[in-house]
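Chemist: Before we start, here is the structure in question, set down as structure tokens.
Coordinate-derived values only; no laboratory data. The structure presented is a predicted model; accordingly, all values stated were derived computationally and were not measured. Note: ideal-geometry Cβ built from the backbone for every residue, glycine included; neighbour counts use all protein chains shown.
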Amino acid sequence: MTVSIKDVAEKAGCSTATVSRVLSGKGYISPDSREKVMAAVEALGYRPNRLARSLREQKSRVIGLILSDIRNPFFSEISRAVEAVAMEAGYSVVICNTDEDPKKEARYLQLMADEKVAGILLSPTRAGFKQALDGGMGFPPIVLFDRKLPDSGLDSVVLDNFDSAQKLTRTLLDGGYRRIAGLFGLRSYTAMERMRGFHAAFEGTGLEPAAALQAPAFEAEGERMIDELLKLEPRIDAVLCGSALLASGAFKRLRQRGIRVPAEIGFAAFDDPTWASFVEPPVTVIRQPAATIGQAGAELLMKRIEDPARPVSEVCLLGELVERASSRKEA
């Protein structure tokens, strides 16, 4: 049986208004009355109707977190940080996963708009988000993370992908590699910036990239791209991967083909998944501050919810280069 606020008031011997003030923390309540109300709440197992409270206050206490690929450990860490900030501020988090599918993204954005969530944290695909904007939805406040969309007019939290890709590529060059190929994702600002940084790293060296391939950022695509790459450019001597999932598939496929890293092919990747430090050789990476990205994104969203007219903010964080044995030719 559902317990109502009226039941709590009868049990405590007070008015429903007194119970409301105790539960909301608003207005003066004597210690004796507060104690009686809380005892009644505990005895009856009363739980506030959050939907009704939101309707009364005209304010939702739920935010949406739309991830591009929930299997990626990078997004798992971001999710934990977002949840911590949201709960501290009194919000709950609904997590959605798009699998880099623009149609799924547009559907989840529509759902968030229909459910009138307080705000949305989004790792966007270009096509899906543009489709949603063109549809004229009544969006709540949105903060972009991991990826941004130029001229969107939205707050964002991103890595300095261009600079990080340059550093990672130059690490392979400094390690003695000359025919370096890059494997990158599709449809995202992040992938494009990392590819730009990859190409820029060769400027002034007299060298050029051996290849730069793009595909959806999934592990199976990393495996497939290695086979394609070795068919197109059999003389490559290093591979840079633009995401953890592409790296996982690519590294696995190199081992399946009996190719020795780093003696025959050097290897470096974005993100720092657990396996990267355990395999032999351990993999050189750009470690992204995932928890900081999640925390900063959630804090920006809280500010945007409280003050919709505040100036647009962009937070750009630096990646940490972690050099390991995979990026230097053996002597």
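Chemist: For a quick size check, give me the Cα extents of the chain along its three principal axes, largest first, whole Å.
Modeler: In descending order, the Cα extents are 83, 42, 32 Å.
Chemist: Still on this structure, I have one more. Show me the ranking of peptides 141-152, 161-172 by mean Cβ neighbours inside 10 Å, starting with the highest.
Modeler: 161-172, 141-152
Chemist: Roughly how many nanometres apart are two label points built 7 Å out from the Cα toward the Cβ at R179 and H199?
Modeler: 2.2
Chemist: Once the Cα gyration tensor of the stretch 245-298 is found, what semi-axes does its equivalent ellipsoid get, as square roots of 5 times the eigenvalues, in whole Å, sorted largest first?
Modeler: Over the Cα atoms of the stretch 245-298, the ellipsoid semi-axes are 27, 10, 8 Å.
Chemist: Report the FRET efficiency, 1/(1 + (r/R0)^6), for E314 and K6, where r is their Cβ-Cβ distance and R0 is 56 Å, rounded to 0.05.
Modeler: That gives a FRET efficiency of 0.65.
Chemist: Moving on. I need the calculated FRET efficiency for the pair R80 and S15, taking r as the beta carbon distance and R₀ as 41 Å, to the nearest 0.05.
Modeler: The calculated FRET efficiency here is 0.45.
Chemist: Moving on to the next point. Run lengths n ≥ 4 of DSSP H only: what is the helix-derived mean residue ellipticity at 222 nm for the chain, with -39500 (n - 2.57) per run over all residues, to the nearest 500?
Modeler: -14000 deg cm²/dmol
Chemist: Can you tell me which of L321, L207, L67 moves the most in a GNM of the chain? Springs connect C-alpha atoms under 10 Å apart.
Modeler: L207
Chemist: Next question, about the same structure. How are the Cα pair distances of the stretch 5-48 distributed, in percent, across 10 Å bins from 0?
Modeler: Values per bin, smallest distances first: 34, 62, 4.
Chemist: Label T292 and L44 with points 7 Å out from Cα along Cα→Cβ: what is the distance between them in nm?
Modeler: Each label point lies 7 Å from its Cα, and together they span 4.9 nm.
Chemist: Continuing with the same structure: Give me the number: length gained by fully extending K329 to R34, i.e. 0.36 nm times residue separation minus the C-alpha to C-alpha distance, one decimal in nm.
Modeler: Taking K329 through R34 to full extension adds about 99.1 nm, to one decimal.
Chemist: Moving on to the next point. Taking 29 Å as the cut-off for C-alpha to C-alpha distance, list the pairs among K167/K303; K148/K231; K167/K231 that go past it.
Modeler: Over 29 Å apart, Cα to Cα: K167/K303; K148/K231.
Chemist: Pop the C-beta distance of E233 and T274 into the FRET formula with R0 = 25 Å and round what comes out to the nearest 0.05.
Modeler: Here the calculated transfer efficiency is 0.25.
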